[in-house]
Amino acid sequence: MQAVILAGGLATRMRPRTLTIAKSMLEVAGRPFVDWQLEKLAACGVREVVMCIAHLGEQIRDHVGDGASLGVRVVYSDEGPTLLGTAGAVRVALPLLAPAFLVTYGDSYLPFDYAEPLRVLEANADADGVMSVYPNAGQWDASNVITDGVRVLRYEKGTKDPAFDHIDYGALALRRGLIEALPAGQAASLDVMQRDVASRGRMRAVVAPERFYEIGSPEGLEALDRKLRSR
């Protein structure tokens, strides 16, 4: 199983630390965050990781190397100096992508089975993607998903409609063809792709049982630090 980690962002909410430290390299519970993330993926059966890097990406490459010490095989896709958005970064990595793969974010730690969206996608030819979702009800961030528990019926980032009571959890299984259809070298967003696939009835859902954690804000990093230290 293959996972793609989007780890090239500027991490502006974590400045000034991220002016000189890649967000994935921020310390959480005594270790760089990327160590926790890769070990969790390995524990779920992921064996290959495509690390999409850009801003300060050489720090991640120097620390992680080939990933063997963390239980995975890591290869790198460098987005370069011009950031192309979340889907654009995956498009740059197209030559490295498996026919079906998982996308997650370089600041997300998800206490669930990362492999489940991939298993659901492989088992259902009627879907082009599988989105992990959480019954958020506006608690941890703005909810953006309506689901019946099997499919994502609607996805809309930024909506204030109370009917949207679930949230995109941060792990998305996709078929490679969706990325092949994107024009090379142009900015593109996974948000738009998720909305369009859901609107066509081609997005299945996996409901996560526990809240997500992220290090994209000081508060988020502190919450994850407490969780990992309490294990």
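Computed from the coordinates by the stated procedures, all read-outs in this text should not be read as laboratory data. The shown structure was predicted, so the numbers you read here are calculated from the model rather than taken from an experiment. FYI the Cβ positions are ideal-geometry reconstructions off the backbone, even for glycines, and counts take in every protein chain you see.
Miscellaneous remarks
- Qualifying residue in the range 55-75 (condition: loosely packed, with under 15 Cβ neighbours inside 10 Å, touching a strand residue (DSSP E or B) at 6+ places or on another chain (Cβ under 9 Å), acidic (D, E) and part of a loop (DSSP other than H, G, I, E, B)): yes
- Residues of the range 20-42 include none that is surrounded by fewer than 24 Cβ atoms within 10 Å (Cβ to Cβ), out of contact with any helix residue (DSSP H, G or I) (no Cβ under 9 Å at 6 or more places or on another chain) and of a type in the set (A, V, I, L, M, F, W, C).
- R231 being surrounded by 18 or more Cβ atoms within 10 Å (Cβ to Cβ), of a type in the set (D, E, K, R), over 17 Å from Y114 (Cβ atoms) and out of contact with any helix residue (DSSP H, G or I) (no Cβ under 6 Å at 6 or more places or on another chain): no
- Those residues of the range 198-215 which are farther than 14 Å from I167 by Cβ and either polar (S, T, N, Q) or touching a helix residue (DSSP H, G or I) at 6+ places or on another chain (Cβ under 7 Å) (or both), in sequence order: S199, M203, R204, I215
- Selected residue (criterion: nearest to D113 (Cα to Cα)) from residues of the range 43-54 that are surrounded by 15 or more Cβ atoms within 10 Å (Cβ to Cβ) and not small (G, A, S): C44
- Residue count, the range 1-30 (criterion: under 26 Å from P117 (Cα atoms) and of a type outside the set (A, V, I, L, M, F, W, C)): 5
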